Amino acid sequence: MALLGNLRHRPVRRLVQLYLGLTLYGVSMALMIRSQLGLDPWDVFHQGLSELTGLSFGTVTIGVGALVLLLWIPLRQRPGLGTVSNVVVIGLVVDATLALLPAGGPFGVRIAMLVTGIVANGAATALYLGAQLGPGPRDGLMTGYVARRPGRSIRLVRTVIEVTVLALGALLGGTVGVGTVAYALAIGPLAQFFIPLFAVPEGTEPDSAAPPPGNPAPATPAG
């Protein structure tokens with residue numbers, strides 16, 4: 001699979017934006033984990049696998065991302081620089097941030113961590129999508145599947161995938177709670193608000209692997 005990513009236009013801005021977004025995404029995940037109030041569906045799955053295997057959360061995130069990326073091959077999807085970076089950077093950052101953030105704490109602090117994590121996740125999503133250097137592996141799996149089967153609803157496919165990973169993660173011991181619901185309700189509007197702020201200006205050549213700048217659907221590390 002050839003790496004997609006046209007860096008002829010504003011390469012410095014786009015690379016800085018990409019890696020800032022991926023770093024912020026990893027930090028936002030760590031904040032939600034430390035809040036202990038619930039995670040987004042994919043992170044419930046990652047946490048459940050981490051509990052099962054004894055591997056760090058970031059290691060599991062990288063491993064799952066790599067496996068999902070392999071599923072792009074039969075779908076004839078091609079990754080961008082942002083796609084491959086998504087797999088590696090987010091996992092490394094979340095582990096580093098978890099090592100710095102203490103677990104537990106007063107309930108008010110945990111609420112603040114959750115809210116900050118969700119808002120930061122929306123901004124991070126807009127930053128790395130706006131760089132137009134490739135979607136996250138999980139979003140690419142979803143859009144690639146729908147592209148191969150045009151009659152399928154992208155919303156339905158996304159819902160089925162996320163409900164499935166949420167259920168598996170919960171069975172494995174991942175944290176499901178008020179944060180899970182809050183994330184589901186807030187991430188779409190947050191991404192829709194932030195994406196126009198960070199989209200590459202008009203007149204660029206958009207990368208074929210990237211979603212249109214106006215697309216409010218968030219990516220998972222994730223990307």
Cut-off 10 angstrom, C-alpha nodes, Gaussian network model of the chain. Which of 27, 88, 157 fluctuates the most? 157
Please work out the ratio of the alpha-carbon Rg of region 86-155 to 2.2 N^0.38 Å and round it to two decimals. 1.49
Potential extension, residue 99-residue 159 segment - 0.36 nm per residue separation minus Cα distance: 18.4 nm
Which residues' amide hydrogens lie under 5 Å from the amide hydrogen of residue 80, considering only partners 5 or more residues apart or on another chain, with H built in the peptide plane? 4
Taking the Cα centre of the chain as origin, work out the dipole magnitude from +1 charges on Lys and Arg Cβ and -1 charges on Asp and Glu Cβ, in debye rounded to 20. 440 debye
Debye calculation, C-alpha points only, no solvent: report log10 I(q)/I(0) for region 20-63 at q = 0.27 Å⁻¹, in the same order as the q values. -1.03
Give, rounded to the nearest 20 debye, the magnitude of the charge dipole that region 132-205 has about its Cα centre when Lys and Arg contribute +1 at Cβ and Asp and Glu contribute -1 at Cβ. 360 debye
Geometric extent, Cα atoms of the chain - Rg, Dmax (angstrom): 16.4, 49
Using Cα pairs closer than 8 Å and at least 6 residues apart in sequence, work out the relative contact order for region 48-184, in percent. 40 percent
Going by alpha carbons, how many degrees (0 to 90, nearest 10) lie between the helix axis of 107-130 and the longest principal axis of the chain? 10 degrees
Output the 0 to 90 degree angle, nearest 10, between the alpha-carbon long axis of helix 154-171 and the longest principal axis computed from the alpha carbons of the chain. 30 degrees
So what is the diffusion coefficient of region 135-196 in µm² per second by Stokes-Einstein at 37 °C and 0.692 mPa s, using a Kirkwood Rh over Cα pairs? 246 µm²/s
The helix 178-198 Cα axis meets the longest alpha-carbon principal axis of the chain at an angle in degrees, between 0 and 90 and rounded to 10, of 30 degrees
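Readers should treat all values here as calculations from the given coordinates under stated rules, not as data from a laboratory. Model, not experiment: these values are computed from the prediction. In this analysis, Cβ positions are derived from the backbone assuming ideal geometry, glycine residues included, and neighbour counts consider all displayed protein chains.
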